[in-house]
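Okay, structure first, notes after.
The values are calculated or read from the model by the stated rules, or taken from the named source; none is laboratory data. Since we're looking at a predicted model, the values are computed, not measured. A quick note on method: Cβ atoms are made from the backbone with ideal geometry, for glycine too, and the neighbour counts reach across all protein chains shown. The accessibility values were calculated without ligands, DNA or RNA, using every heavy atom of the protein model including side chains. Shrake-Rupley method; radii C 1.70, N 1.55, O 1.52, S 1.80 Å.
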Amino acid sequence: MRIGIPRALYYYRYFPFWQSFFEDLGCQVVVSDKTTRNTMDVGVSLTVDGLCLPVKVYVGHVSELIDKDIDYLFVPRIISTAKREYICPKFMGLPDIVKNSIKNCPPILAPVVDGRVSSLNIMKAYVKLGMRFAPLPQASFAYLKSVKKQHQYETAAREKNLNNPKNIVFDYLTIGILGHEYLINDDYINMGTMRWLKAANCRIVTMEELTESTINRHVGKLKLKRMFWTSGKRLLGAFHHFRGRVDGIISIAAFSCGTDSLTMDLVERYSCRYHVPHFQLSLDEHTGEAGVITRLEAFLELLIRRKKLEADHAAYG
Amino acid sequence: MKLTMPHMGNCYIAAEALFNEMGHEVIVPPLSSKKTLDLGTKYSPETACLPLKLNVGNFLEAIEMGAEIIIMIGGRGPCRLGYYAAVEQEILRDLGIQIDFIILEHPRDNFHKLQKQLRILIAKKGIKGLINGLRLAWEKLGAIEELERTSHVVRPREIHQGETSELLKKLLLQLRMTNTIAEIRKIRRLGLSKMQSLAVNREIQPLKIGIVGEIYTILESFANLNLEERLGDLKVEVTRTVNLVDWIKEHLILSSIGLYSNKHLLEKAAGYLHSFVGGHGLESVARTVMLAEADYHGVIHILPFTCMPEIIVQGALLRVSSDYKIPVITLVVDEHTGEMGFQTRLEAFVELIARRLEAEKHAEKTSLSRC
Ligand code: SF4
């Protein structure tokens, strides 16, 4: 069985898990290629205007996958990945969005991932899915093993960054990056922002380096209503972790993203209150790379000036 | 303690009655207007949805009039509305305005907090005030929605344009002024018969269009640029598929005792949408199917720009439209929506439907004459 997984959205978070799961069940995993101009154009042309760029790109990936001779398309219906929290509603409707925008869509595997009440429900959903390809014991085993794999992967990614000698030596600017993983890790969508920052010798810290408990600790201290979007919670937690530790923060958001419209606004407000230099990048299909780079350059310039000023103060003050 | 709350259609009439009965002074913000929107847009996040911007505008105008406490509803996701209040608090705080919020959360989410807030609210008149207030508000809401519904039927048939709207406005004012249940019932009864006896053209067979979409934009006539009146003037009978009385019954009363189920909606929407997606997304799809099955001539889908649930289902509606052969138009509103363009789109839509009907009738006739 060939299972197609689009290289977009939560691919950037859960791929290790999905891959291990399907391979353990004896399936072959087929991933679409990296996002290109074509992926984006196709996605944009197939979907309704108001959707956010990441979902449009997702549909673009699906349409490319179809040509790869797959038996099933894997589009989970993710409602919640943590207790009493939601993720963006677009993930709840993702299988339907795909079906409604793509003609002759292959059969979709859409487990309902709903951990609002308990993570046991997530397990049930995956095991049920697994039983289409293998008997119950093997499916459960595949699930447990994949959870472990995912965990290992996350830990390794965190440690790799923290122990990277280049990261420990203080070079010139440390920048915290806020935003959905599928924006930060997709070079085409983010207009090469991350590549550019690395080339400019900035040290970059992302939300992926923070543990769940670090985030929860910071969010717990906020005098704010409980944030019910997991992504929003991570954003706010990371912001408070970064401030004081970095020279500046860059947030990357999708222009018509519903959750970001509020959470990024809060980030902006906090940046003002805590005097953290903050730069927000809003991406849609009309964003031009040249404009982005110019604005990034200006922001770095500002950070450098600020840092110099601080150093001078320390020296003479 | 002067309370205020944001506008949503004519609900302020019921809300005012409720809080008055509980012994509080209520400051009703001026009806949403261009000024409200400008104020709100200026201080709200750019890509936040229209209701939030209007909320902020309402608050600022009410504060100017002396409001001391804001009553706002909460929520637990996934729609943004659930987080409005938190962001609105921060916005006012950054403007240097100190004002208390009472945020009414869903009873199943934070029962203790709700209890505490209720205790503050009922401090003056006790439980009795609360119960009386609720009864009064419920009665008013029922009357308002029935009058509005009737106006949708009468308006396209009226002979003197504008008469229905005028009468409705008058009746709403009367409703706002009364505070006994008997009076409300009387106004409702008399009002209905008055409306039904307006001079109408009985020959007219108006087109029937259903409205689906996001609840705030459906109910708040400023946000939807007076959609219902415009359609009525174009000789269209509109049906709102979303109203507050049902919403309260389903989402507050039934769901807080765990009895609400959306199975019937999922069944109707099967093939197009298979999950709840927040807000009224699922309803929009299910109701569009129902409208098509009930032989409506067209459906208008209205939503604020960037509204997540409704955007998710927009693609589904396109497919319902082609499968059931029912014209569906999606209207996205925000602070940039211009009246002219809006009216043109509505007229074009109505004309398209009329032409289609004409063609169908014609086809029928020719096929009949052939036999
Ligand atoms: S969180 Fe934002 S960017 Fe991500 S899918 Fe939802 S609306 Fe789109």
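What's the whole-number percent of alpha carbon pairs in the stretch B:2-124 lying beyond 25 angstrom?
In whole percent, the long-distance tail amounts to 20.
Would you work out the Kirkwood radius for the stretch A:160-308? I mean one over the mean of 1/r across all pairs of different Cα atoms, in Å.
15.7 Å
What number, rounded to the nearest 500 deg cm²/dmol, is the helix-based mean residue ellipticity at 222 nm of chain B, given -39500 (n - 2.57) per DSSP H run of at least four residues and division by all its residues?
-18000 deg cm²/dmol
Which links in B:K2/B:K128; B:K140/B:K186; B:K124/B:K169; A:K90/B:K268 stretch past 23 Å when you go from one Cα to the other?
B:K124/B:K169
Return the residues of the stretch B:55-90 for which accessible area with all protein chains present is lower than in the chain on its own by 40 Å² or more; set the probe to 1.4 Å and exclude ligands, DNA and RNA.
Buried-area filter returns B:R76, B:P78, B:R80, B:Y83, B:V87, B:E90.
In peptide B:312-320, how many Cβ atoms from other protein chains are near each Cβ within 10 Å, on average?
6
For the protein assembly as shown, what does the convex hull of the Cα positions come to per residue, in cubic angstrom?
Spelled out: Cα convex hull of the protein assembly as shown, divided by residues, is 190 Å³.
I need the phi-derived Karplus couplings for the stretch B:208-218: 6.51 cos²θ - 1.76 cosθ + 1.60, θ = phi - 60°, integer Hz, Gly and Pro marked x.
10, 10, x, 10, 10, x, 7, 4, 5, 5, 6
So what is the relative contact order of chain B, in percent, for Cα pairs below 8 Å that sit 6 or more residues apart?
Relative contact order for chain B comes out at 16 percent.
Per-residue mean of other chain beta-carbon atoms within 10 angstrom of the beta-carbon, peptide A:264-270?
Whole-number average of other-chain Cβ neighbours for A:264-270 is 4.
May I ask for the Rg/Rh ratio of the stretch B:262-371, computed from Cα atoms with Rh as the Kirkwood radius, given to two decimals?
1.06
Evaluate the relative contact order of chain A (contact order divided by residue number), counting alpha-carbon pairs under 8 angstrom at least 6 apart; express in whole percent.
Rounded, it is 18 percent for chain A.
Which percent of Cα pairs goes in each bin when the distances of the stretch B:137-269 are cut into 10 angstrom slices starting at zero?
11, 36, 34, 16, 2
To the nearest 10 square angstrom, how much accessible area does A:M131 have with a 1.4 angstrom probe?
Looks like 100 Å² after rounding.
Compute the normalised compactness of chain A: alpha-carbon radius of gyration over 2.2 N^0.38 Å, N being the residue count.
That works out to 1.05 for chain A.
Given an 8 Å cut-off on Cα distances and at least 6 residues of separation, report the relative contact order of the stretch B:206-371 as a percent.
25 percent
Mind checking how much accessible area A and B bury in total, 1.4 Å probe, in Å² rounded to 100?
Between A and B, the summed buried area is about 3200 Å².
Please compute, over every Cα-Cα pair in chain B, the percentage with a separation greater than 36 angstrom.
25 percent
Return the aspartates and glutamates within reach of A:K160: Cα separation strictly under 16 angstrom, same-chain partners fewer than 8 residues apart disregarded; answer none if there are no such residues.
A:E208, A:E209
Net charge near B:I181: determine it from the other residues with C-beta under 10 Å of the C-beta of B:I181, scoring Lys and Arg +1 and Asp and Glu -1.
Result for the local shell: +2.
Cross-link candidates for A:K223: which lysines have Cα within less than 24 Å, leaving aside residues fewer than 8 places away along the same chain?
Excluding near neighbours in sequence, the set is A:K83, A:K233, B:K53, B:K113, B:K116.
Would you mind telling me which residue in B:P29, B:P45, B:P327 has the biggest mean-square fluctuation in a Gaussian network model of chain B, where springs connect alpha carbons within a distance under 10 angstrom?
Highest fluctuation among the options: B:P45.
Counting only protein chains, not ligands or nucleic acids, how are B:E64, A:E64 ordered by accessible area (probe 1.4 Å), most first?
B:E64, A:E64
So if I take the centroid of the Cα atoms in the stretch B:299-319 and the same for the stretch A:275-317, what is the distance between those two points in Å?
If you average the Cα positions of each part, the centres end up 38 Å apart.
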